[in-house]
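Comments concern the structure below.
The values are calculated or read from the model by the stated rules, or taken from the named source; none is laboratory data. The structure presented is a predicted model; accordingly, all values stated were derived computationally and were not measured. Cβ placement follows ideal geometry from the backbone for every residue including glycine, while neighbour counts extend to all protein chains displayed. Remember, those area values only see protein heavy atoms, side chains included, never the ligands or the DNA or RNA. Shrake-Rupley method; radii C 1.70, N 1.55, O 1.52, S 1.80 Å.
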Amino acid sequence: EEERLIQTVASQGALALDRAILAESETKAKVLEESDRLKTAILSSVSHELRTPLSSIQAAATSLYNPNITLEPAARNELLSLLLEETDNMAQLVGNLLNMSRIEAGALKLQRQWNVLAEIVDVSLQRIRRYTTNHLIDVDVSDNLPLVSVDSILMEQVMINLVRNSIKFTPPNTPVCISAKVEDQTMEVTVRNQGPPIPEDHLQHIFEKFYPIPGKDPSQGTGLGLSICKGIVEAHGGKIWAANLQNGVAFHFTI
């Protein structure tokens, strides 16, 4: 009777081990499949996005370097401005890819220090001032807000991504508003724009990697910006979300 009991226990244990092994194999297969999908998406998206700035940089540099082409000062300055803008675009793309790889690997290390949020916003806008000339940037972030313990470089990346996203998908000469408030020991930052609403069933997914939004031109970005914002904000212990307004879209995050 004891032998039968032991055999039953051993059989059940063997079945449990078999199920565990199969589950582990299935998990590994899913991870490999997701990794391959991510690599394919990155290569496809990056090759498309890199081609445009590289072509512009090559054309501008060729015109500036060619001794047979006489350029007026205004035309020369325009080409130089184009070189700077497209170089910044490439730097932004590479920075997003590096941050995404760190987030995916769980290797995003925060260098927290006490910072003034108004200064972070100001530095972020200075870094992208060439892209904001066709929009009205309204900042309502008081210098008297409490200090925040954040990685200022990564938090600047969050602000840059949210503002540039607002600029990309909104009509020229419309406002992009940045505000902040404190509630229950938490600071909530909001970036509002007057762009078209996001379909309600997509609001919960727009922070996923490479998530396509119906009606948006795929050439306007890799779809990494918002997912990087999510990774950085959550690494700080906060949360991020989007909401449709009566006239536009608002992105909120807490720190």
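Worth a mention:
- Residue match in the stretch 194-203 (condition: modelled with pLDDT under 90 and closer than 24 Å to I120 by Cα): no
- Qualifying position, being out of contact with any Ser or Thr (no Cβ under 8 Å at 6 or more places or on another chain), on the phi < 0 side of the Ramachandran plot and modelled with pLDDT of 80 or more, among L15, L32, L79, L71: L15
- The lone exception for I120 - which of (1) assigned to a helix (DSSP H, G or I); (2) out of contact with any strand residue (DSSP E or B) (no Cβ under 8 Å at 6 or more places or on another chain) it fails: (2)
- Just one of the listed residues (L110, L93, L117, L50) is out of contact with any Pro (no Cβ under 7 Å at 6 or more places or on another chain), aliphatic (A, V, I, L, M), touching a residue at least 60 places away in the same chain (Cβ under 8 Å) and closer than 18 Å to L224 by Cβ, and it is L93.
- Qualifying residue in the stretch 124-131 (condition: exposed (fewer than 12 other Cβ atoms within 10 Å of the Cβ) and in contact with an Asp or Glu (Cβ under 6 Å, 6 or more places away or on another chain)): yes
- The selection criterion, being in a helix (DSSP H, G or I), closer than 21 Å to I240 by Cβ and open to solvent by 40 Å² or more (accessible area, probe 1.4 Å), does not hold for I160.
- Among the residues of the stretch 231-255, the ones that are open to solvent by 10 Å² or more (accessible area, probe 1.4 Å) and either more than 16 Å from P199 (Cβ to Cβ) or over 15 Å from the mean Cα position of the chain (by Cα) (or both) come to 16 in all.
- Selection from the stretch 101-120 of residues that are open to solvent by less than 80 Å² (accessible area, probe 1.4 Å) and either modelled with pLDDT of 85 or more or within 12 Å of H236 (Cβ to Cβ) (or both): L108, L110, N115, V116, L117, A118, I120
- Subset of the stretch 35-62 that is at pLDDT below 70 and open to solvent by 60 Å² or more (accessible area, probe 1.4 Å) - its residue that is nearest to N77 (Cα to Cα): H48
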